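Have a look at the structure below, then the notes.
The values are calculated or read from the model by the stated rules, or taken from the named source; none is laboratory data. The model shown is predicted, which means the values in this text are computed figures rather than measured ones. Glycine also receives a Cβ, built like all others from the backbone with ideal geometry; neighbour counts cover every protein chain displayed. These accessible areas exclude ligands, DNA and RNA; they are computed on the full protein's heavy atoms, side chains included. Shrake-Rupley method; radii C 1.70, N 1.55, O 1.52, S 1.80 Å.
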Amino acid sequence: MFLLLLSSSVQACGPYFDYAQLSWQGQSMLRAPTTNFKLEMQRLAVETQAPPLATPKWVRTQDADRTDLTQLLGDPALIEAALKARAEHTPLSIELPQEFQSYQVGAIASHQEDLVGAQAAWTRVLSLPAEERQYRGSWAAYMLGNTTQDPAQAAVWYQQTRAEIAESGRDSAGLFVASLRQESWAQQRAEEPVQALSLCLQYRSSGASAYCRDLRPLAEQVLAEDDLSLAAEDRLVAQAIAALLTNPESSVWNRLDLKEQTQRWLAVSESHQGLAAADRLAWAAYRSGDMQAAQAWLDRSPNTAMSNWIQAKLHLVAGDLVQAETALNQGAALLPPSPEQGRPVFSTHCEHDHADPKRSMNVELGVVRVRTGDYPGALQAFLSAGDWMDAAWVAERLLTTDELRAQVDLHWPKGTGQPPLKGLLSGAPLPPAQIASSMRHLLARRLAREDRWDQAIQYFPRELQLPATQVSESLDLSMDQQLGDDVRGTHLWNTAYAMKQQGWELMATEMEPDFRVLEGFYRGADTVGKRLGATPPVPLFATQPAELTKLTQTQAPNEKRYHFVWTAAGLAEKAVALMNDDNPQLAQALCTSGLWQELRDPAYSDRAFRALSTRVPDSTLNGVVYLEPSKMGLCQPSPQASRGCQTAPGNAWGPLWGALLTLLWLRRNSVA
């Protein structure tokens, strides 16, 4: 308790995990998909053909010199002499073409901080005939750009750098790509954001990534321009703006009116059709709330995954679930299989979501199918998305046990050898290789909860089939009326004890109330309660009568969290009622089951300890006791009883727990 009080002043922290989408009752279904702007720019770079001769490379000047001199001279001695002069910033001592001589004069002047002399020398290089500046023409233009203070003039020099490379076909120093980067910076200084953004996108499309990493500020500057026609004429810039308008992280949402800016961009795009993908413009229009414009752009769009996704949203707005399901199906089919790991390029959920577009569309497809009553189809859609929470909820709540068994036998008649999922705290998708084993294990636990142990055994993972068989056999013996009550009670206690010890793997629900999917540490959203509660935020996705019937049919006998502990305690109470007072396991059964429920059900615990003191008064368990993990979780007398209760000998938390358990022991004695 003291530790909990201390923690109340500390900000809560824990792992991120998703809630089932069904618990949101369609709240996210009408939201537009949203981009991750940085990843959208990565996609654009991959899909864009690099400019000719754009080969990103980081080359030392000395190495580039050696490459050119080797082609020109061939003589190692002459090459080394020229390289030595370059390194020491001295005049060339060997006879080389005029372009090398003049460039070296400029390099020496630059080293001596004589920029005027350097620029004059490099300008002389460019004054040579084209055939006489094949090696150093691009170098001279690049250095003139680097040493020019006027950003507009610097941009001209960088453009000439690329022109020289195109003319000569030589780029030993990688200046084509470097000039894209340098000119982008120059255009930013010249307050020309459209050209700057276009150059950065060309730089990224060449495969370079050392610079131009965060393009969002540049895109926002472009969108703030009074005249957007220049941006609309540039295909790369136009696509970057479309990504900006569909990006919820963009500060443009805070500084500018999104709807106004989207309408401005859509208006200017009307006269430049084809420069930016129509599906992205429909996406932007939908996000801004202009459904009419969204449909108009979809009518011009080719059949893409995104056009189908936005079309599905428009069908949902119109209340047409059938057409929405068709569009989602078609959109998901146009995308490649989802990777098992990776962040999304666009997603309907928050930035932590690990679902890619295909997964997101399949999740929405599952929600639509739940609404239309196609529960097996919803299960398949959620599993295709790797959305284990929603799939498990449908399996446990919207399919009867026999319906679920039929689905498992049809789709996953055998395990894959992969272990079933044990928890999903990270929000990551369920790996496809674990679907079969996870579904079979979920079914096995559901059958066990209904006391159909003989049917459940075959669906358990191999390592759990023996414990499940032992529980089944003990339960059968406890109901054998030919055995005496004392023997039946012993078997029933063995069943109760096994359920308590291994109930998490044998009986726990994947979703509420136990939340095995969250490894038992966290309580997720009460999806049943939400879907049975007040009017949902999206009336189209209100819980239907057929679903209400299913929820009634699949309601568990005990909806308390860790319900298997309550089930085990109930069996234990029946077991001790059957046992004779001289049964050697009676005291252990009373003490152990009493401790199980001490903090959950004090009344049950009181009954157990009262019975222990009256039925087995001489037992060593009448005193300070604890559950000993190393002894199979059975009740043990404390070896340090004179010092108060302990959780276990040598436990570092012994004193704290000891105080708490001593109070509980005193309460036991007061009611015994």
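Among (1) among the polar types (S, T, N, Q); (2) open to solvent by less than 40 Å² (accessible area, probe 1.4 Å); (3) within 22 Å of ALA395 (Cβ to Cβ); (4) modelled with pLDDT of 95 or more, which single condition is THR527 missing?
Among (1) among the polar types (S, T, N, Q); (2) open to solvent by less than 40 Å² (accessible area, probe 1.4 Å); (3) within 22 Å of ALA395 (Cβ to Cβ); (4) modelled with pLDDT of 95 or more, the lone unmet condition for THR527 is (4).
When the residues of the range 1-57 are filtered to those that are open to solvent by 50 Å² or more (accessible area, probe 1.4 Å), in a loop (DSSP other than H, G, I, E, B) and among the β-branched types (Val, Ile, Thr), which remaining residue is modelled with the highest pLDDT?
Out of the qualifying residues, it is THR55.
Which residue is least open to solvent (accessible area, probe 1.4 Å), if the candidates are limited to the range 530-547 and must be free of Cβ contacts under 8 Å to residues at least 40 places away in the same chain and not polar (S, T, N, Q)?
The selected residue is GLY533.
Does any residue in the range 120-131 that is without any contact (Cβ under 8 Å) to a residue 60 or more places away in the chain come within less than 6 Å, Cβ to Cβ, of a residue that is open to solvent by less than 60 Å² (accessible area, probe 1.4 Å) and basic (Lys, Arg) six or more places away or on a different chain, and which pairs are these?
So the pair list comes out as VAL125/ARG133; VAL125/ARG136.
Scanning the range 86-118 for residues that are more than 26 Å from GLY169 (Cβ to Cβ) and surrounded by 18 or more Cβ atoms within 10 Å (Cβ to Cβ), which turns out nearest to the chain's Cα centre (by Cα)?
Looking at residues that are more than 26 Å from GLY169 (Cβ to Cβ) and surrounded by 18 or more Cβ atoms within 10 Å (Cβ to Cβ), I get SER110.
Checking the condition in contact with a Lys or Arg (Cβ under 9 Å, 6 or more places away or on another chain) and more than 26 Å from VAL105 (Cα to Cα), which residue from LEU199, LEU175 passes?
Checking each option against the conditions leaves just LEU199.
If I filter the range 544-566 for residues that are closer than 14 Å to LEU492 by Cα and modelled with pLDDT of 90 or more, do I get at least one hit?
No, that holds for no residue.
Hey, among the residues in the range 585-617 that are part of a loop (DSSP other than H, G, I, E, B) and farther than 25 Å from ARG488 by Cβ, which one's farthest from the chain's Cα centre (by Cα)?
GLU598
Can you pull out the residues in the range 459-486 that are assigned to a helix (DSSP H, G or I) and out of contact with any helix residue (DSSP H, G or I) (no Cβ under 8 Å at 6 or more places or on another chain)?
Our first condition is that a residue be assigned to a helix (DSSP H, G or I); within the range 459-486, this holds for 459, 462-478, 485-486.
Residues satisfying the conditions are ARG462, GLU463, LEU466, GLU473, ASP476.
ALA163: over 22 Å from GLN221 (Cα atoms), free of Cβ contacts under 8 Å to residues at least 24 places away in the same chain and either open to solvent by 10 Å² or more (accessible area, probe 1.4 Å) or outside any helix (DSSP H, G or I) (or both), yes or no?
Considered against the rule, which asks whether it is over 22 Å from GLN221 (Cα atoms), free of Cβ contacts under 8 Å to residues at least 24 places away in the same chain and either open to solvent by 10 Å² or more (accessible area, probe 1.4 Å) or outside any helix (DSSP H, G or I) (or both), ALA163 comes out as yes.
Take the residues of the range 268-295 that are over 25 Å from ALA318 (Cβ atoms) and of a type in the set (A, V, I, L, M, F, W, C): which is modelled with the lowest pLDDT?
Within the range 268-295, the match that is modelled with the lowest pLDDT is LEU275.
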